[in-house]
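Written below as C-alpha cells is the structure these notes are about.
The values are calculated or read from the model by the stated rules, or taken from the named source; none is laboratory data. Every value quoted in this text rests on a predicted model; they were computed, and no experiment measured them. Please note: Cβ atoms are built from the backbone with ideal geometry, for glycine as well, and neighbour counts cover all protein chains shown. Note: accessible area is taken over every heavy atom of the protein model, side chains too, but ligands, DNA and RNA are not part of it. Shrake-Rupley method; radii C 1.70, N 1.55, O 1.52, S 1.80 Å.
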Amino acid sequence: MTSTRVEDVRVIPTVTTDRTSWKRRVWSDRSTMGKFLIAIAPALIIYTIFTIWPMLQVVFAAFTDARGFNRPAEFIGLDNFVRIFSGDPTLTKAIANTGIYAFFKVVVQTVLAFLIAVLLNRQLRLGNIYRAVFFAPIVISPVAIVFTWSFMYDPTNGTINSLLRDVGLGGLAQDWLGNYDLALYSVILVDLWSGLGFNVVIFLAGLSTIPAEINEAARVDGARGFKAMRHITIPLMIPSIGLVLVLSVNGALRAFDTVYLMTRGGPGDSTQLYMTEVFHQGLVANNFGYASAMALIVIVVLIVIAGAQNRLNNRMSAEENAR
C-alpha cells in the first residue's frame with residue numbers, strides 16, 4: 001500500500017526572528033529593576049543634561065574668575081566668597097531688601113492665607129466664587145500680572161492715583177514705582193496678591209483632612225472660635241503650615257521675575273533683591289564667577305531648608321504612628 005504525505009500549507013512554522021530576540025534581550029528578560037531603569041533613562045538623561053550639568057558648571061565657576069564665555073577662567077579659590085562676606089554695599093542692600101521681602105512673603109502672606117482658608121472652609125454662600133477669586137491669580141501669566149499692575153501704578157493715568165483723585169484724596173497719589181521709599185513695598189504687594197491663592201489652596205486641602213467629629217467634639221466641650229483654632233485647627237494643620245513656610249522661604253530667596261520686570265532693581269538699588277543682583281552680576285556686569293558663588297550660597301541654603309522640612313515631617317509621621 002502506498003502512502004502519500006500531504007503537507008498542511010496552513011501551518012506557518014514558528015521562526016524566532018532577530019527582532020523578537022532583540023526585544024526579549026532588551027525588555028522581556030529584564031528584572032523589574034532593569035525595566036524601571038530603562039523606563040526612566042530618557043528623562044534621567046534629559047534631566048542630567050539640562051539641570052545637573054549646568055549646576056555643576058555653576059559650582060565650578062564659583063571658584064574661578066569667569067567673566068564670560070570667550071575668556072578662559074582661572075581658579076581663584078574662595079576669593080568670590082570672601083568678596084560676598086566682606087560687605088559689598090550693593091549686595092548688602094540687596095540682602096536687606098530680600099529680608100523685608102521674605103518677612104512679607106513668609107509671615108504676612110502665610111497668616112493671611114491661613115485666615116482666608118479658615119473662612120472659606122465654612123459653608124459660606126457663594127463660597128466657590130470666593131475660592132475662584134483667590135485662585136485666579138495663580139493661572140494668570142506673571143508677565144500679564146506685571147503689565148496690569150504697572151498700569152495701575154502709573155503716576156499720571158494709573159488706576160490707583162486716578163481713584164484717589166476722584167474721591168478727593170489726590171494728596172495721597174504717589175509715584176508708586178519711582179519713589180525710593182515706596183517702590184519695594186509696591187512690588188511686594190503685587191507678589192503677595194499673586195501668590196496668596198496658592199497658599200490658600202494648600203491650607204484648604206489641609207483643613208479638608210480634619211475629621212468633622214473632632215470639630216464637633218470640640219464644640220461639645222465648649223471650644224469655639226479662636227480657642228478651637230488654637231487648640232484644634234492649628235495643631236492639626238502643622239504639616240500644611242510647614243509646607244507653606246518652606247515654599248514661602250524658597251520663593252522669597254528665588255524672587256526675581258516680578259521685581260525685575262517692574263523695576264529692574266530701581267530706582268537706584270531700592271528694589272534690588274538677592275537674585276536680581278545675581279542676574280546683574282552674571283549677565284550684565286559679566287562677573288559670572290562672582291554671580292555663581294552667590295547662586296551657590298542660595299542653593300546650599302535651599303537644600304538645608306528642604307532637609308530640615310523633610311526631617312520635621314519624618315519626626316511628625318513617627319510621632320503620629322506612635323500614638
Quiz item: For T64, which sequence-distant residues (separation of 5 or more, or a different chain) have an amide H within less than 5 Å of its own amide H, given hydrogens modelled in the peptide plane?
Solution: I76
Self-check item: ³J(HN,Hα), Karplus 6.51/-1.76/1.60, whole Hz, each residue of region 114-129, x for Gly, Pro
Solution: 5, 5, 5, 5, 4, 5, 5, 6, 7, 7, 8, 6, 6, x, 5, 5
Quiz item: Counting only the heavy atoms of the protein chains, how much of T148 is accessible to a 1.4 Å probe, in Å² to the nearest 10?
Solution: 70 Å²
Practice problem: For F279, tell me the accessible area in Å² from a 1.4 Å probe, rounded to the nearest 10. | Solution: 60 Å²
Practice problem: Give a residue-ordered list of calculated ³J(HN,Hα) values for region 261-269 (Karplus: 6.51 cos²θ - 1.76 cosθ + 1.60, θ = phi - 60°; whole Hz; x for Gly, Pro). | Solution: 6, 8, 10, 6, x, x, x, x, 10
Practice problem: Would you please name the trypsin sites (Lys or Arg not before Pro) within region 198-258 that are DSSP coil residues with at most 14 other C-beta atoms within 10 Å of their C-beta? | Solution: R224, R254
Quiz item: Is the shape of region 175-303 best called rounded, prolate or oblate, per the rule: a/c under 1.5 gives rounded, else a/b larger than b/c gives prolate, else oblate, with a ≥ b ≥ c the square roots of the Cα gyration tensor eigenvalues?
Solution: prolate
Self-check item: Exposure ranking of L261, L245 by accessible area [1.4 Å probe, largest first]
Solution: L261, L245
Exercise. Return the distance in nm (one decimal) between the two label points of a simple spin-label model at F60 and A173, each offset 7 Å from Cα along Cα→Cβ.
Key: 5.7 nm
Quiz item: Ignoring ligands, DNA and RNA, what accessible area per residue does the chain give at 1.4 Å, in Å²?
Solution: 65 Å²
Exercise. For the chain, with all protein chains present and a 1.4 Å probe, just round the carbon and sulfur fraction of the accessible area to a whole percent.
Key: 65 percent
Practice problem: Whenever you get a sec, line up E277, E74, E216 from highest to lowest accessible area (probe 1.4 Å, protein heavy atoms). | Solution: E74, E216, E277
Quiz prompt | Average projection area in nm² (convex hull over Cα atoms of region 149-192, one quarter of hull surface) | solution = 2.9 nm²
Practice problem: When a/c is below 1.5 the answer is rounded, else prolate if a/b is larger than b/c, else oblate, so apply that to region 123-170 with a ≥ b ≥ c taken from the square roots of the Cα gyration tensor eigenvalues. | Solution: oblate
Quiz item: Scattering from the C-alpha atoms of region 31-176 alone, worked out with Debye: what is log10 I(q)/I(0) at q = 0.16 1/Å?
Solution: -1.14
Exercise. Bin width 10 Å, alpha-carbon pairs only: give the P(r) of the chain as whole percents, running from 0 to the bin holding the largest distance.
Key: 5, 16, 21, 21, 16, 9, 4, 3, 2, 1, 1, 0, 0
Quiz item: Across region 286-296, in residue order, what do the Karplus-derived ³J(HN,Hα) couplings come to in whole Hz, using 6.51 cos²θ - 1.76 cosθ + 1.60 with θ = phi - 60° and x for Gly and Pro?
Solution: 6, 8, 5, x, 4, 4, 5, 5, 4, 5, 5
Exercise. Could you pull out the chymotrypsin sites (Phe, Trp or Tyr not before Pro) across region 76-107 that fall in loop regions by DSSP (anything but H, G, I, E, B) with no more than 16 other Cβ atoms inside 10 Å?
Key: F85
Quiz item: For F134, what accessible area in Å² do you get when you roll a 1.4 Å probe over the heavy atoms of the protein chains, rounding to the nearest 10?
Solution: 70 Å²
Exercise. Could you work out how far the C-alpha centroid of region 103-142 sits from that of region 281-323, in angstrom?
Key: 27 Å
Exercise. Arrange the residues M152, M237 by how much accessible surface each exposes, largest first, with a 1.4 angstrom probe.
Key: M152, M237
